[in-house]
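J.: What follows is a single structure, and I will ask about it in a moment.
The values are calculated or read from the model by the stated rules, or taken from the named source; none is laboratory data. Source: prediction; values computed, not measured. Counting neighbours? That spans all protein chains shown, and the Cβs are built from the backbone with ideal geometry, glycine included.
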Amino acid sequence: MKISRLVAMAGLAGSLFFSSLSFASAVNLGENDVAIHGYDPVAYFVNNKPVEGSAKYTATHEGAIYRFSSAENRDMFKANADKYAPQFGGYCAMGVALNKKLDVDPAAFYIKGDKLYLNLNKTVQKKWLEDVPGNLKIANRVWDGIEDLTVAEANAEE
């Protein structure tokens, strides 16, 4: 009786562990599970520029820890995290359109339709801006196929 219960508990723990791994890959996490390299996602909308967040003001959303420059921004995020969290799990939007999960430069951002899009760097952002509607259409379609892949799986050459 004890062994079967132990095996069942181990199986449950294993499934929770592996489900958390696939969940975490949907969000671009940095050191200590911090998103956007510690930049405040609300500040992009309020200040129209990237602002570093503080470990003093944090909130968790979809397995990621977001930092904020103020308690007010943190509270705004908590009230509507889906509005402020970056699209495509915080991966490079142009990278997603190219079927890749790439990291981002917090300074390479674009807001369209109340959605935050980040890019690998300013050069990639220029390419993204050449055809935002077309790139969004492709990225939204591709994201469904790579969202739950690890970075290594998404970026593997076929």
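J.: With more than 17 Å from Asn28 (Cα to Cα) and either of a type in the set (D, E, K, R) or in a strand (DSSP E or B) (or both) as the only criterion, which of Tyr44, Tyr57 stands out?
T.: On inspection, the qualifying residue turns out to be Tyr57.
J.: I've got another one for you. Filter the stretch 114-140 for residues that are polar (S, T, N, Q) and free of Cβ contacts under 8 Å to residues at least 40 places away in the same chain; which is surrounded by the fewest Cβ atoms within 10 Å (Cβ to Cβ)?
T.: Thr123
J.: Give the residues of the stretch 106-142 that are of a type in the set (D, E, K, R) and in contact with a strand residue (DSSP E or B) (Cβ under 7 Å, 6 or more places away or on another chain), sorted by residue number.
T.: Lys122 - this is the single residue of the stretch 106-142 that is of a type in the set (D, E, K, R) and in contact with a strand residue (DSSP E or B) (Cβ under 7 Å, 6 or more places away or on another chain).
J.: Looking at Ala79 and the list (1) closer than 18 Å to Tyr39 by Cβ; (2) in the same structural domain as Tyr57 (by TED's automatic domain parsing); (3) among the hydrophobic types (A, V, I, L, M, F, W, C), which single condition is not satisfied?
T.: Single failed check for Ala79: (1).
J.: Can you name the residue in the stretch 68-113 that is in a strand (DSSP E or B) and not aliphatic (A, V, I, L, M) and is also surrounded by the fewest Cβ atoms within 10 Å (Cβ to Cβ) among such residues?
T.: Lys112
J.: Which residues, counting only those in the stretch 36-70, are among the aromatic types (Phe, Trp, Tyr) and either closer than 21 Å to Lys101 by Cα or more than 16 Å from the chain's Cα centre (by Cα) (or both)?
T.: Once the filter is applied, which keeps residues that are among the aromatic types (Phe, Trp, Tyr) and either closer than 21 Å to Lys101 by Cα or more than 16 Å from the chain's Cα centre (by Cα) (or both), the stretch 36-70 yields Tyr39, Phe45, Tyr57, Tyr66.
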